[in-house]
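Below: one structure, written as C-alpha cells.
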Amino acid sequence: MKIKNLLLALITAVTLTGCGLVTEDGDDTNCGLFVAFKYDYNLQRADMFKDHVGGVTLYVFDKDGNFVRSYENNIIPSMGMMVNGEYMYCMHIQDLPDGDYRFIALCNQKAYEATLSTKGAKYRRTDLSKGDNAEKLVVTLDRTNSADGSYANVSNEAPLDTLWHGMSNGAVAVSNHEQVITTISLTRDTKMLTIGLHNLDNGKKADIDTEDFVYYIYDNNGVLAYDNDIIADKDLMYTPFHKWNSYSTDNSGNITDATAHACLTFNRLKYHENGDENALLVIYNKTTMKEVAVINLTEFLAQGRNAYDLYAYSKQEYLDRAYDFYMDFFIKNNTWQYAEVRINALSWAKRIQNVDLQ
C-alpha cells in the first residue's frame, strides 16, 4: 500500500509539473513560456519565418500595458521546435514572474543593432524604461528634411532592411511551473516596387533610358505606432536604390526593344478611401521636363487583390500581405497610355488605362 501511494504521488507530481514540448535536442521537460513566431500573413499563405527573419526583439508588458522588459534573439535553427504539429521558431522565457503579460515583437533580417551599422535609412525604435506604457513604443524611419522643410527624403543608398511587426492577442497567463505557449503572427511592413517603362512612340521602342527619368513615391507613412498603425508625421519621398536598362535584340544583334527599370523600397502603405491621402507615384522625364505619370499608388497596387478572388482580401489586407510589387508603364508622347500591375508568381497582370483611376 505504501509503495502504491508513493507511485501515485510521483505520477501526480509528473502530471502537475511535466512539460512535454519536444525540442530538436530531444529535451521534453521544458517549462515556462514559449513564444512562437510565424510569418504566414503573406500571399503565399505559408510560414516563411525561418527563411526571411533573422532577428527578433520581444517587448513584454504587464496586463495594463506597462513595459516590463525586452528580449533580443538572433534566429538560430536549433531553436526551432514543434508547436501544435507545426515546426516553428520559439523564444523560451523562464525568468518572468508568474502573471498576465502582453507582447509586441519587432523583427528584422538581422539583429536590431546589426541593422543600425549598415548603409541607408534605418527603422529606429524608441528606448523604453520600466513602467512606460506600450504607446511609447514607436518606430521612426530615418529621413532628411528638404531645404524648405515641407517634406523629407529617405536615403536610397541601400534598400530598407525589412521590418516585421506582431503582437499577442490579449493578455497571456504565464506560469514558470507549467508549459505556456503563445503564438505571434507577423506582418511585413517593408515593401518593394519594381517599375518598367516602355516606349510606344512609332519606331522608338529602343529609345528609352532610365537615367532620363526621376522616380519617387510620396507618402506620409514614416512613423509606426505600437500596434503597427501609421502615425501622421511628415510627407516622405522615396527614390530608387537601383536603376538599369534591359534590351531585346533580333537575330542580327540589333536592339529592337528597351525597358527602363527602377526599384524602390518603402514603408507600409495604408489605404484611405479619400484618395488624396494615399501614396503617390511620380515619374518625371528630365529631358522633356514633363511629368510622365502621377498616380494614386495605393489604389493601383491594391488592384492586385483581384488575382486572389478566392480569399476576398480587402484592399488593406492585400497591401499588408503583399510585399513585392511590379508595374509596367507604356509611354507615348511623354505620357503613360496604360499600365500593368503584375504578379509574377502567378503570371497575372491587370491592364489599367490612363483614364481608369484618375
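None of the figures in this text is laboratory data; all of them are computed from the coordinates on show. Note that the structure is a prediction, hence the values are computed from the model and not measured. Because the Cβ atoms are built from the backbone with ideal geometry, glycine has one as well, and the counts that use them run over all protein chains shown.
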- Separation between the Asp233 and Phe330 pseudo-spin-labels, each 7 Å from Cα along Cα→Cβ, expressed in nm? 4.0 nm
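Restricting to Cα atoms and excluding each atom paired with itself, what does the Kirkwood estimate give for the range 191-353 in Å?
Details: mean 1/r = 0.0595 Å⁻¹.
Taking every pair of different Cα atoms in the range 191-353, averaging 1/r and inverting gives 16.8 Å.
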- Label-point separation in nm, Glu157 to Asn30, each point 7 Å along Cα→Cβ: 3.9 nm
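Please identify the GluC sites (Glu not before Pro) of the range 103-162 that satisfy two criteria: DSSP loop assignment and at most 10 other Cβ atoms within 10 Å. Which are they? Don't jump to the answer; show the numbers that get you there.
Working: sites: Glu113, Glu135, Glu157; in loops: Glu157.
Qualifying residues, ordered by number: Glu157.
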- Round to the nearest 0.05 the FRET efficiency obtained for Asp98 and Arg124 when R0 = 41 Å and r is the Cβ-Cβ distance. 0.75
- Cα gyration tensor shape for the range 67-166, rounded if a/c is under 1.5, else prolate or oblate: oblate
- Check each of the trypsin sites (Lys or Arg not before Pro) in the range 267-358 and keep only those in coil by DSSP with at most 16 other C-beta atoms within 10 angstrom; list them in order. Lys286
- Note on the structure: the range 202-358: relative contact order from alpha carbon pairs under 8 Å, six or more residues apart, as a whole percent, is 17 percent
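Just from its helices, what would the mean residue ellipticity at 222 nm be for the chain, if runs of 4 or more DSSP H residues each count -39500 (n - 2.57) and the sum is divided by every residue, rounded to the nearest 500 deg cm²/dmol? Display every interim value, and only then the final one.
Working: 5 runs with 37 residues, N = 358.
Using -39500 (n - 2.57) per qualifying helix, the result is -2500 deg cm²/dmol.
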- Message: For the chain, take the longest principal axis of its alpha carbons; what is the angle in degrees between that and the long axis of helix 2-17, to the nearest 10 within 0 to 90?
- Response: 20 degrees
- Among (i) 1.08; (ii) 0.96; (iii) 1.23, the entry derived from the coordinates for Cα Rg over 2.2 N^0.38 Å: (iii)
- Using the alpha-carbon centroid of each, what span in Å lies between the range 290-322 and the range 139-216? 15 Å
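Fully extended, how many nm does the chain gain between Gln353 and Arg45 (0.36 nm per residue separation, minus their Cα-Cα distance)?
107.8 nm
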- Query: Between the DSSP loop rule and a limit of at most 15 other Cβ atoms within 10 Å, which trypsin sites (Lys or Arg not before Pro) in the range 186-240 are left?
  - Reply: Lys204, Lys234
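What number comes out for the charge environment of Lys234, summing +1 per Lys or Arg and -1 per Asp or Glu over other residues with Cβ under 11 Å away? All intermediate terms of the calculation are to be shown ahead of the outcome.
Working: positive: Arg143; negative: Asp219, Asp233, Asp235.
Net of charged neighbours comes to -2.
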- Expressed as a rounded percentage, what relative contact order does the chain have, with Cα pairs under 8 Å and six or more residues apart? 15 percent
